[in-house]
1. Please go through (1) open to solvent by less than 40 Å² (accessible area, probe 1.4 Å); (2) of a type in the set (A, V, I, L, M); (3) over 22 Å from A:Leu136 (Cα atoms) for B:Ala37 and return the number of the only condition it doesn't satisfy.
2. If I ask for residues that are farther than 17 Å from B:Gln821 by Cβ and charged (D, E, K, R), which ones from the range B:850-893 would you list?
3. Looking for something in a loop (DSSP other than H, G, I, E, B) and crowded, with 17+ Cβ neighbours inside 10 Å - is there at least one such residue anywhere in the range B:186-204?
4. Scan the range B:4-20 for residues that are surrounded by 12 or more Cβ atoms within 10 Å (Cβ to Cβ), at the interface with chain A (Cβ under 9 Å from one of its Cβ atoms) and not hydroxyl-bearing (Ser, Thr, Tyr) and jot them down.
5. Inside the range B:986-1030, can you point out the residues that are open to solvent by 70 Å² or more (accessible area, probe 1.4 Å) and not in a helix (DSSP H, G or I)?
6. Can we say B:Ser719 is surrounded by fewer than 24 Cβ atoms within 10 Å (Cβ to Cβ), among the small types (Gly, Ala, Ser) and within 30 Å of B:Asp971 (Cα to Cα)?
7. With the structure loaded, tell me whether A:Ala144 is modelled with pLDDT of 90 or more and not polar (S, T, N, Q) or whether it fails that test.
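The values are calculated or read from the model by the stated rules, or taken from the named source; none is laboratory data. What you see is a predicted model, and the numbers here were worked out from it, not measured in a lab. All Cβ positions, glycine included, derive from the backbone under ideal geometry; neighbour counts span all protein chains shown. Please note that ligands, DNA and RNA were not included when accessible areas were found on the heavy atoms of the full protein model with its side chains. Shrake-Rupley method; radii C 1.70, N 1.55, O 1.52, S 1.80 Å.
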Amino acid sequence: MTREQGLEITQLLQAWQGGDRAAFDQLVPLVYQDLRRVAKAQLRRDRAGWTLDTTGLVNEAYMRLVGGGGVEWNDRGHFLAVAARAMRQVVIEYARRRVASKRGGGVRPGTLDERVIGIDSHAEWLISLNQALERLTAYRERLARVVECRFFAGLSNSETAEALGTSERTVKRDWTFARSWLQKELGA
Amino acid sequence: MARLARLERAFEAVTALEAERRSEYLRELEARDPELANELSELLDAHDQPDERLIPRSGRRGMIWDEIEEDCAVLPAGTEVGDFRLLAKLGEGGMATVYRAVRKTDEFHQEVAVKVLRSTLESEAGRSRFARERRIVAAFDHPNIARLIDGGMTPGGRPYFALELVDGQPIDRYADEERLTVEERVKLVIEVGRALHYAHQNLVIHRDLKPSNVYVDRSGRVRLLDFGIAKELGSEDSFTLATLAGGGSPMTPVYASPEQIFGEALTTASDQYQLGLLLFELLTGRRHHLLDGDDPASILRRIEESPTTRPSRVLENDAGAEVAHSRRATSRELVHQVRGDLDWIVLKALARDPDRRYPTVSALVEDLERYLLNEPLTARPPSVVYRVRKWVGRNRAQSVLGVLLLLVILGSLWAARDQRLRAARVSQFSQRVERETEQIERILRDASLQPLHDTSRERRIVAERMARIEAEAERGGPALRPAADYGVGRGQLALGNHERAAALLEAAWEGGFRGEGIRWALGIVYGELYRKELAEARAIRDAGLRRERVEIAERKYRDPALAQLRSIAPEIEERAEQPAALIAFHEGRLGEALEIIDRVRSNFPWTRWAVAVEAEILTERAHQLYLTGELEQAGLDLERAGQALASGLEIGRSDADLYLKECQRFDVLMQVTVWPDRTSLQPLIANAEEVCGRAALIRPDWVEPVLSLASVYLAAWDSGRFWQGEGRTITVPMRAAVERALMVGPERTEVHHRLGISEYFEGFTRVLAGEGPGEHFDRATTAFEHAITLDPNYPFNYNGLALVASTLSGWQMRHGIDPTQIILRGRAQAVRAVELVPGWHNARTNLARNYIREGHWSSLAGSDPAPAYQRALEAVRAVLEVNPTFAGGLRLVGQAVYGLGAERVDSGLDPSDLAGEALENYRLALVERPFDGVSWIGVAGARLLAMWAQPEQPLAPHDLAQAREAVGLADQAFEVSVHVETIRLEIELLELKRAPRTEVKALADRIERALTETAALDLNAALVECSLAAGYRVVAAAALEVGSDPSPALRRGLEHAELSLAINPLMWSTAIERVALRLLAAAHQVPERASLLERLRADAREVLHRRPQSGALIDPLLEAAGALEQGTLDPSGLGERLRRYSGPFPFRR
């Protein structure tokens, strides 16, 4: 990966725009890697505590990609959709790790420098959410995409519409249904 | 999934309905599909009562994790932590939660505060800070600081520690509730100050002093809390470069000191500032930083734009009765109490510039104590009235003498204050410069990221900002100079003006300016200069000279660059690798440097410095590989460098520097590649033009890309592919590039050198085309001479002058003009170049070439050329000792030896050994440069000489074939060449000269056709005309021999001889051919025989007079003339003799 990751992303974005659906799946890991690194850096920087500003992350990743201008607005939308998927992966990865560490235990008491991860009921909730999303994808992929954009990447309705190339009204309708359905599934 | 589709449709339908109609719909549905109805109803419940977790919050969209974290972090009451049982949550810090707790075994229910680290995902920083807080607090033992009781790990694995529980309230609330007077409030601040001072003495800075961290317990004792973001002095966690990358130190924005906001290194002065804020707030009941939010930018603006307001002014404006009441005073009384001393103390404590504040917290405390004692303050400006008033206030009975004494003391106080003020001003200025510099760098970075455009505007803005720094320093006096030099130097660095940047940064360094910033900048700028030197050294082909140049560069730039880079260890990942990579690069560990860069580029694919440095390293390595002959590997590196640059340019679309590097890469590529022909070079030139054009578009006032393009043309020219016919496809654009460079300026020796070269090329092209050099050589000379005045040590200029002299003298002697003066002038320049850089091969070869010219001239003028050729051989052998395979040198040896051989054969001696030696050297040269046409001509010439030497032996077909092959290869290198045509003709001619009589007629016909063709080329060169004359002489002789009419050939032969002598009257070989032609005419035209023989003898005498050693060539002719006269030789016999007569060797320049 020494050469032209940026170029690769741009090309894939264009391919995807041109209708190549496989390009989307190739894009996600590229953006994921970047997001994950930025997320870690943000956590390490630890300015505002340990919170992750996902919207900020997605935007930051985008700015890094385009290097400050010139790329079509259209590309930004497409990128956001990719970034939202990648963000979902980042979040779920963290959640899985937290659950794993909770089960695994293995924390030696008494040392302050030990790497520790707290108990987090939300981590399990997030994992269930992810599984429910898989079911939703199988039914209608766009619903899952809307959830990725709205929930994981924190995009607004209009941004989500831009990202998915659909209307804001559709996004609203999809989001209302998907959210209620997910809640029902998770509540059960 | 059909089920989900139905559910979705039903959901959409039902949510479109009004609430009261929904149940109706559900009932209907239930009748048809109870299961679906059930699901739908659940769905509706979820819709009506959405789970907060799923809803992106407005304003802070996407901050899902902070919600998730906050909930889970709170440990429920009753949780046992170590020896303690938690009772309730007390509060929340940046990274920890504080609980009220009791010791499990404690009968007295002694309450403690337990601080537990909130889970922090992976934040190493948070955990280590938590550990640090514990360590810091453990070390304290002060009545105003809560003590550490215990520490450990919660069952969940989170670290915690227990502190004395401070049962009280925050200082501001306490002061108001207790209705403390101004004096009482000041006393509390004094107490806080003492606790702070104690921390400072223990080398800890609190960094987060604010009312909520200062408690007053029930006994009225102040307790300083929360060392959560405290810092141990000297520990490395804040770092000015961090702000460049958007890092910065933790803080509470509304209570932040300016240096915290700017992310500068923090000292105790920051705590002092915050103590000032606390005092301000306790006096006025209002926060000092009035902000809409906690946006650092707004604080920054506020601090920048509005000076600190005096507390008394605040109270005058808005001290309501409530504020006054809580201080047990009326509004007027309150204003009066605060006005004056307390105003001054607050103003001093809240100075923007740390150096203008109190030097220590205890100094602030002392001033507060002075205020309580009604003594003069250090903060107060030393107005005499004030001092006296204070003094009188305390010592009403003192004498006038005392007053006078006081005045003396005041004088010295004034001086001390003046000094202090000056120091403060310098420091304040430095900080402003630092900020300004960062902005400058940001502007330029942003500019380079934009699509391809002219960045002049951005650069102008930056220049204006730098001028402002300059002007301010100018006004402020010499004390501000180092800081200004530093700021402007860094600006120049960002602008890419490395020499200027280096000079300024050095001046700043000399002036005592220190810090990470300047070390960094110096490290970078020296590195740039070092690499620039390396790039220039690369153009030097001679190993010794190159090494010399590189060593100087290492001492001058590389070593100081390494020293500066090593002295800093940036904490930012992305930047930390840069010095490491540069250090490895500069130390010659190219592979290691590339590994670092690879790592950086895979982690940070858009880091442009990495791209630029990678390209440089690869170009450098390619050059090294080229020197060791690994051309293929060098080509691969250059290709990789090209890829790196291409990816850099994807992002930095207006990064002129990257474009320049690309252009320089083309330059090296030209040199390392062997170009079979012109067309293979053309795309490369077109690319270089494109790339340099872009760099010039981005920075129209930058000479480097234009200069670099001129170098590309120079390299293209050097390939030798453009000399013939197409020369102007190089000279014209090169000339344009140079003119552009002249226009852009500044006056640089390199620019004028390229101007000289382009004029030289133009003149050279004209000379090759048979035209005169016109004024080009004069202009070239003027340009080189001007370039020398700009930099007398730039050796290439002398070389240029020597080149001009060489070509010009050649042209002169071909036209019968005595070139001695030019040759001597050229020699002087070549010698100067050799003196300047003794190891430089080009200088020495030019000197050798100069001697060879002298040899040619001697040969033409009839004197002995051998001494000149010998000196040429000496000069060129000095080069070959260092580099035995240097093609240019080998070729020169061939030329000198060939000249000696030609001279020998024309003197009737055997040149075979010399012919062999010349041939060998040319062939060695061709091993290095297989497409060198000049060497191929040399090979053909040497083979011709070898055959020439044995007139008695029949020609071996094999030798002839080889000679013809060499001519063919030489011909491919040139469009039309006088030498190629001459030698081609002479080889054919030699076949006729040596042919048995039976083949004469057929061969003569063939030769005649060849002669017509060559004549048709109209080369206008004395040498070719001489060969044509010789050719017709042989044809005429053959005609006479076989009994046909020689007249037409004789006429043509004489015409060409006259033409040759008209071009170059000194061409004695033509004169000899004319003698031979006249002899044939005398044999054929019996009536005019006597007069022809007479003229012939006169001509022969003249030739012998001009070149006494010509006897070997003339004598056979005179002997034949005698025999003809005496009738012992018939015309046919004479014809055969003159057909077989070799004649002078075709070698007169």
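1. Against the list (1) open to solvent by less than 40 Å² (accessible area, probe 1.4 Å); (2) of a type in the set (A, V, I, L, M); (3) over 22 Å from A:Leu136 (Cα atoms), B:Ala37 comes up short only on (3).
2. Scanning the range B:850-893 gives B:Asp864, B:Arg871, B:Glu874, B:Arg877, B:Glu881, B:Arg891.
3. No, every residue in the range B:186-204 fails to be in a loop (DSSP other than H, G, I, E, B) and crowded, with 17+ Cβ neighbours inside 10 Å.
4. B:Leu4, B:Leu7, B:Glu8, B:Phe11, B:Glu12
5. B:Leu1017, B:Asp1018, B:Asn1020
6. Criteria met by B:Ser719.
7. Yes.
Condition check ((1) free of Cβ contacts under 8 Å to residues at least 12 places away in the same chain; (2) over 30 Å from B:Gly810 (Cβ atoms)) across all residues:
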residue: B:Thr982; (1), (2): no, no
residue: B:Asp1005; (1), (2): yes, yes
residue: B:Glu1013; (1), (2): yes, no
residue: B:Ala1021; (1), (2): no, no
